[in-house]
């Protein structure tokens with residue numbers, strides 16, 4: 001008796017050990033796979049925090065992601081800039097003559113700025129010449145133009161009147177408002193002197209590449225465009241999709257089979273075939289609107305061409321129809337007896353219980369719309385309605401060697417969709433899975 | 001009970017729409033109204049454009065419509081009319097032979113011999129026609145088109161099988177009793193969710209020959225600088241590269257896809273493994289548990305369970321993913337455009353990443369040959385349809401729909 005229990009025990013232990021090894025292996029494989037899936041994101045974030053020099057020198061861990069650049073900063077300092085009248089201005093801009101000039105010495109800049117200076121053959125210490133113009137001639141408070149030059153090169157211009165505390169700091173050679181260098185703020189202004197407070201804006205220093213990319217590539221506009229395009233497309237798809245799906249699922253009418261086949265057929269039409277005629281249709285519409293209504297860019301370079309052709313898709317209709325068809329008939333009969341028509345039944349009963357498939361439709365169409373590249377490439381040639389994908393791809397061309405900026409732009413492009421994903425990931429994966437099963 | 005006795009709403013009592021018949025007419029009208037916006041858009045931007053595309057393809061059309069040239073564009077792509085007849089006829093005969101062969105069942109033994117003979121005959125004639133027509137077609141047709149088809153073929157072949165196998169394994173692991181299923185799923189799904197342009201840009205920098213992550217890793221492993229692969233800049237086929245590495249002389253035909261295309265393939269696999277795995281997970285969830293239990297009682301081991309239950313029962317998913325994968329590689333545009341075009345020329349390097357969809361875009365957008373690009377699009381559609389047909393036939397009897 002004793003021996004049998006002992007063997008049974010050793011059996012179970014053996015089994016447990018084996019099970020443990022298998023489990024361990026599974027987790028190992030999963031972890032390796034996850035590393036493969038994730039490392040490009042890590043690379044993207046790392047590179048986006050590097051300076052150009054760090055990237056070309058193959059530095060693995062950027063200094064921007066250590067505490068060093070943010071802790072070893074020289075203390076905040078107030079600099080008094082004496083402004084004195086200029087008599088001989090020999091700067092690069094001949095078209096104006098400044099009234100006053102003063103010098104701000106810059107002895108220390110952040111790494112990012114240092115590299116940008118190096119590229120322009122500038123060395124520290126730097127004397128930023130500040131030139132003030134006054135067109136109304138009523139004292140320093142009304143100097144309405146300030147120009148900063150470094151080595152007689154134009155660095156930054158303010159065309160607005162100086163306001164206390166608003167000045168971000170000189171732009172070092174090419175970077176849009178280099179506030180991540182030292183950060184300057186005018187705290188006092190009088191006719192013959194400016195008091196400037198020099199400090200460091202850690203926030204700007206940390207997100208330097210993102211700020212440069214954001215400004216240089218006009219991502220603000222592109223993000224807005226993409227958001228509008230995506231929202232409009234989703235709205236259109238949901239409206240046309242629910243109406244059509246409802247008609248197919250719950251209404252009787254002649255020609256139903258034929259129409260449904262037509263919808264099915266569009267599912268099979270490859271995009272390459274209809275891309276060219278669609279483009280010509282847009283061109284035709286554009287010309288038509290120009291001639292009849294005198295509107296230019298009613299279609300071309302406008303949200304209309306970017307959204308309207310995609311405001312219906314057969315996939316959405318199928319997905320919703322499938323769901324609508326499962327709603328019990330009794331529900332509708334009961335509603336009918338209560339004097340409820342199709343439209344009211346659809347909006348008040350069907351839609352509220354179809355939240356899950358609607359969510360899938362919204363998410364998938366959202367991704368497709370946000371991702372589209374080829375069509376916007378074709379129907380836009382100015383920045384007005386250029387979506388973020390086209391913006392990023394042309395930024396890749398412009399920034400070509402500055403990989404760190406491209407990576408920062410990629411992060412900017414990806415973030416909205418990742419946020420959407422993390423909030424809806426359950427519906428998301430479930431939606432994908434059902435679409436797969438439907439085939 | 002008051003609700004039931006309540007009279008039908010007044011509107012439906014009037015005139016034409018009165019009574020049961022009226023209600024039906026009313027419903028039909030309303031249905032048409034519901035379908036109107038969607039159908040109009042589908043007609044305008046999906047269905048009618050197919051006809052329009054054909055109309056464009058039979059014209060010389062460079063931005064403006066030019067002369068009617070009939071099938072000229074198609075012949076420019078596919079060579080002389082006789083070549084097309086030989087090749088298409090040959091392929092149809094082969095397909096027909098195969099279908100007849102498959103239709104022979106033991107019960108048809110009487111006619112079986114005859115049918116077998118017919119199939120063999122069709123096979124021989126079809127094969128001959130192909131042998132005769134195909135070289136001519138290659139010689140007379142558009143070299144770029146055939147090259148792009150070959151590249152697309154390599155692209156599909158490199159992408160789809162690996163993608164399927166990896167995602168199947170991954171799904172099976174994720175289907176086990178493990179902790180943090182949701183977390184794993186989120187992680188693996190990330191590549192698919194990322195904006196294509198952005199992730200393609202990231203991979204472009206990973207493949208960068210001098211400062212990219214992969215070559216940094218290779219350099220750390222001791223690969224000397226002149227031996228580092230050039231990835232997206234490398235036009236030489238991997239067959240040739242491996243040959244060089246082994247010190248062998250590899251003939252030109254065995255060169256295979258360029259390393260640049262391999263880089264695109266790697267990217268493609270990275271994006272879709274997680275996505276496919278999620279679909280496989282749903283497929284695995286649909287397999288009845290009792291089958292496994294019954295088989296286990298019969299003494300089946302893990303491998304047998306996988307081989308005889310899991311694989312057959314998820315075969316519809318496999319079929320769907322294969323088809324979507326192949327069609328996807330034929331349609332692929334965004335990532336190839338970003339990884340190979342941006343800042344360079346389409347199909348960089350040396351046209352070795354010029355897949356069919358990129359070729360069509362090139363003719364359409366860079367050369368403004370709308371007519372020819374449309375004809376190419378139809379040719380490509382023909383190829384895709386035949387592939388779908390072949391896949392359908394091959395999977396017949398292998399895909400188990402429960």
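At-a-glance table
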| read-out | value |
| --- | --- |
| Count - residues of the range B:77-108 that are surrounded by 15 or more Cβ atoms within 10 Å (Cβ to Cβ) and in a helix (DSSP H, G or I) | 18 |
| Odd one out for residue A:318, checked against (1) facing another protein chain (nearest Cβ under 9 Å); (2) over 29 Å from the mean Cα position of the chain (by Cα); (3) part of a helix (DSSP H, G or I) | (1) |
| Checklist (1) within 9 Å of chain B (Cβ to nearest Cβ); (2) assigned to a helix (DSSP H, G or I); (3) in contact with a helix residue (DSSP H, G or I) (Cβ under 6 Å, 6 or more places away or on another chain) applied to residue A:253, failing item | (2) |
| Of all residues in the range B:319-345 being away from every other protein chain (no Cβ under 11 Å) and closer than 14 Å to residue B:388 by Cα, the one that is surrounded by the fewest Cβ atoms within 10 Å (Cβ to Cβ) | B:328 |
| Residue within the range B:291-311 that is part of a helix (DSSP H, G or I) and under 26 Å from residue A:270 (Cβ atoms) present | no |
| Selected residue (only one of A:53, A:20 is closer than 30 Å to residue B:208 by Cβ and either within 14 Å of chain B (Cβ to nearest Cβ) or at pLDDT 75 or above (or both)) | A:53 |
| Count - residues of the range B:278-311 that are more than 9 Å from every other protein chain (Cβ to nearest Cβ), surrounded by 15 or more Cβ atoms within 10 Å (Cβ to Cβ) and within 20 Å of residue B:161 (Cα to Cα) | 2 |
| Some residue of the range A:236-249 being within 29 Å of residue B:56 (Cβ to Cβ), more than 8 Å from every other protein chain (Cβ to nearest Cβ) and surrounded by fewer than 20 Cβ atoms within 10 Å (Cβ to Cβ) | no |
| Flag if residue B:381 is over 27 Å from residue B:91 (Cβ atoms) and within 9 Å of chain A (Cβ to nearest Cβ) | no |
| Options A:335, A:298; residue that is free of Cβ contacts under 8 Å to residues at least 40 places away in the same chain, assigned to a helix (DSSP H, G or I) and in the same structural domain as residue A:238 (by TED's automatic domain parsing) | A:335 |
| Condition check for residue B:148: closer than 24 Å to residue B:76 by Cβ, within 22 Å of the chain's Cα centre (by Cα) and either assigned by TED's automatic domain parsing to the domain that holds residue B:258 or buried (at least 20 other Cβ atoms within 10 Å of the Cβ) (or both) | yes |
| Hey, residue B:351 crowded, with 21+ Cβ neighbours inside 10 Å and not in a helix (DSSP H, G or I) or not | no |
| Residue in the range A:283-292 that is at negative phi, crowded, with 21+ Cβ neighbours inside 10 Å and either in contact with a helix residue (DSSP H, G or I) (Cβ under 7 Å, 6 or more places away or on another chain) or assigned to a loop (DSSP other than H, G, I, E, B) (or both) present | no |
| Odd one out for residue A:69 among (1) under 30 Å from residue B:220 (Cα atoms); (2) at pLDDT 85 or above; (3) in a helix (DSSP H, G or I) | (2) |
| Elements of type helices (runs of 4 or more DSSP H) in the range B:1-76, at least 3 residues being more than 9 Å from chain A (Cβ to nearest Cβ), within 26 Å of the chain's Cα centre (by Cα) and at pLDDT 90 or above | none |
| Matching residues, the range A:374-385, being in contact (Cβ under 8 Å) with a residue 60 or more places away in the chain and either touching a helix residue (DSSP H, G or I) at 6+ places or on another chain (Cβ under 6 Å) or under 22 Å from residue B:209 (Cα atoms) (or both) | A:376, A:378, A:379, A:385 |
| Number of the condition not met by residue B:178 [criteria: (1) farther than 19 Å from residue B:292 by Cα; (2) surrounded by fewer than 23 Cβ atoms within 10 Å (Cβ to Cβ); (3) within 8 Å of another protein chain (Cβ to nearest Cβ)] | (1) |
| Selection status of residue B:391, over 23 Å from residue B:52 (Cα atoms) and either surrounded by fewer than 23 Cβ atoms within 10 Å (Cβ to Cβ) or at pLDDT 90 or above (or both) | yes |
| For residue B:401: the one exception among (1) part of a loop (DSSP other than H, G, I, E, B); (2) modelled with pLDDT of 90 or more | (2) |
| Among (1) away from chain A (no Cβ under 14 Å); (2) touching a helix residue (DSSP H, G or I) at 6+ places or on another chain (Cβ under 7 Å), the one test that residue B:103 misses | (2) |
| Any hit, the range A:375-395, residues being more than 26 Å from residue A:282 (Cβ to Cβ) and within 11 Å of chain B (Cβ to nearest Cβ) | no |
| Any hit, the range A:264-280, residues being within 28 Å of residue B:372 (Cα to Cα), modelled with pLDDT of 90 or more, in a helix (DSSP H, G or I) and away from every other protein chain (no Cβ under 12 Å) | no |
| Selection count where residues are at the interface with another protein chain (Cβ under 10 Å from one of its Cβ atoms) and either on the phi > 0 side of the Ramachandran plot or surrounded by 15 or more Cβ atoms within 10 Å (Cβ to Cβ) (or both), scope the range A:338-362 | 5 |
| Residue check for residue A:399: under 17 Å from the mean Cα position of the chain (by Cα) and at pLDDT 90 or above | no |
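The values are calculated or read from the model by the stated rules, or taken from the named source; none is laboratory data. Predicted model, so just to flag it, every value in this text is computed and none were measured. All Cβ positions, glycine included, derive from the backbone under ideal geometry; neighbour counts span all protein chains shown.
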